[in-house]
1. Please go through the range 38-67 and give me each residue that is of a type outside the set (A, V, I, L, M), crowded, with 21+ Cβ neighbours inside 10 Å and in a helix (DSSP H, G or I), ordered by number.
2. Being of a type outside the set (G, A, S), part of a loop (DSSP other than H, G, I, E, B) and under 28 Å from R92 (Cβ atoms) is the filter here; which residues of the range 127-154 pass it?
3. Determine which single condition E96 fails, assuming it passes every other condition in (1) among the acidic types (D, E); (2) part of a helix (DSSP H, G or I); (3) closer than 23 Å to Y161 by Cα.
4. Across the range 85-121, which residue is surrounded by the most Cβ atoms within 10 Å (Cβ to Cβ) among those that are among the aliphatic types (A, V, I, L, M) and touching a Lys or Arg at 6+ places or on another chain (Cβ under 9 Å)?
5. Only one of A130, A124, A74, A147 is closer than 18 Å to I40 by Cα, of a type in the set (A, V, I, L, M) and surrounded by 12 or more Cβ atoms within 10 Å (Cβ to Cβ). Can you tell me which?
6. Suppose we filter P79, P72, P86 for residues that are over 10 Å from the mean Cα position of the chain (by Cα) and modelled with pLDDT under 95; which single one remains?
7. Tell me whether the range 153-162 contains one or more residues that are touching a residue at least 12 places away in the same chain (Cβ under 8 Å), of a type in the set (A, V, I, L, M, F, W, C) and closer than 23 Å to P72 by Cβ.
8. Given the structure, is V76 closer than 25 Å to G53 by Cα and either part of a helix (DSSP H, G or I) or without any contact (Cβ under 8 Å) to a residue 12 or more places away in the chain (or both)?
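The values are calculated or read from the model by the stated rules, or taken from the named source; none is laboratory data. Since the model is a prediction, treat every value here as computed from it, not as a measurement. Here Cβ is always computed from backbone atoms with ideal geometry, including for glycine, and neighbour counts include all displayed protein chains.
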Amino acid sequence: MRTRLLAIAGVSLLSVLLQASATATAQPATTARGEYLVRIMDCGGCHTPGALGGKPDFSASLAGSNIGFRIPGAGVLYPPNLTPDPATGLGRWTNEQIVRAVRHGERPDGRRLAPVMPWPSYSALTDADAAAVAAYLKSLPPQPGRAPARVAKGDRPNAPYVDIVTPR
């Protein structure tokens with residue numbers, strides 16, 4: 001009886017260890033997939049300082065842009081910090097909130113993302129791919145970096161921007 005209990009305990013322990021090992025190896029694969037997706041979705045093209053001006057600062061990759069978009073009727077908007085910095089980035093967002101923003105264009109407070117954010121295209125991401133994007137963004141080293149504040153229509157921006165022209 002004692003031998004059988006030890007065998008059952010040994011099998012159970014082995015099962016737990018194998019599951020933990022599988023989870024540990026899945027996480028790097030998930031974040032690697034997220035990194036790949038963030039690159040091909042060109043998140044850094046808008047959310048990295050200098051990228052919109054053709055001189056990206058890769059030391060601050062995804063830490064928010066210092067160049068914004070002037071959108072007709074909306075003012076000037078600056079792409080925010082996507083690193084997990086709790087004060088200026090996504091550090092206080094859950095993975096589910098990041099997924100909701102990427103796929104549905106909605107911030108945790110319910111506000112809609114700027115119309116230049118291509119979330120309608122990203123809404124086609126699978127659940128696994130959207131989760132991988134969130135996991136990758138949360139895995140980055142936090143970088144403090146606040147993008148300039150939104151500038152209301154008609155107000156003068158203090159930071160550079162590009163004009164978005166609405167087709168006629």
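1. Of everything in the range 38-67, those that are of a type outside the set (A, V, I, L, M), crowded, with 21+ Cβ neighbours inside 10 Å and in a helix (DSSP H, G or I) turn out to be C46, H47.
2. L140, P141, P142, Q143, P144, R146, P148, R150, listed by residue number.
3. All conditions pass for E96, except number (3).
4. Within the range 85-121, the match that is surrounded by the most Cβ atoms within 10 Å (Cβ to Cβ) is L90.
5. Testing whether each residue is closer than 18 Å to I40 by Cα, of a type in the set (A, V, I, L, M) and surrounded by 12 or more Cβ atoms within 10 Å (Cβ to Cβ) leaves just A130.
6. P72
7. Within the range 153-162 (the criterion being touching a residue at least 12 places away in the same chain (Cβ under 8 Å), of a type in the set (A, V, I, L, M, F, W, C) and closer than 23 Å to P72 by Cβ), the answer is yes, since at least one residue qualifies.
8. Against the criterion (closer than 25 Å to G53 by Cα and either part of a helix (DSSP H, G or I) or without any contact (Cβ under 8 Å) to a residue 12 or more places away in the chain (or both)), V76 does not qualify.
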